[in-house]
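Comments concern the structure below.
The values are calculated or read from the model by the stated rules, or taken from the named source; none is laboratory data. Since this is a predicted model, take the numbers as computed values, not measurements. Virtual Cβ from ideal backbone geometry, glycine too; neighbours counted across all protein chains shown.
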């Protein structure tokens, strides 16, 4: 029995040693686990800080883009207003030019009508002068037939001079008509 007790004692000591080894291994694993846990906590904290920083940057970028968009929209509205003003100005200018053109056309028409009337008056005066010339020529012929031959020559000279003057005047009238 002593042998059994000895054996039992040896087994008990082996179990105790094994238990101590296991407890030491457990303590070591707990320390490692604690270190890993602390490392993960630090990593999680770093990631959370990085996430917060990225959220702040995102918010700043979002605000910047919003401001930029508002500025561009305001610039666009201003440009649209300027474009409308230019269009209105062009429309008004075109209307003024059209009115001026109509007025000039009316003036031109009035001048043409006045010129036509003046031409008609001059043509009537020319016809009257030609008729008067023809009458004077006929009267001069009759007078020449009734007067002696010497006077005939002087009347013919007068008639030629008168005809030359009237022809020159007639030419001047024609030039002024054209």
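Quick notes
- Here residue 125 clears all of (1) surrounded by fewer than 11 Cβ atoms within 10 Å (Cβ to Cβ); (2) modelled with pLDDT of 80 or more except the condition numbered (1).
- For beta carbons closer than 6 Å, sequence separation of 6+ or different chains, a first residue in the range 105-132 that is under 30 Å from residue 162 (Cβ atoms) and a second that is in a helix (DSSP H, G or I), the qualifying pairs are 119/177; 122/173; 122/177; 126/173.
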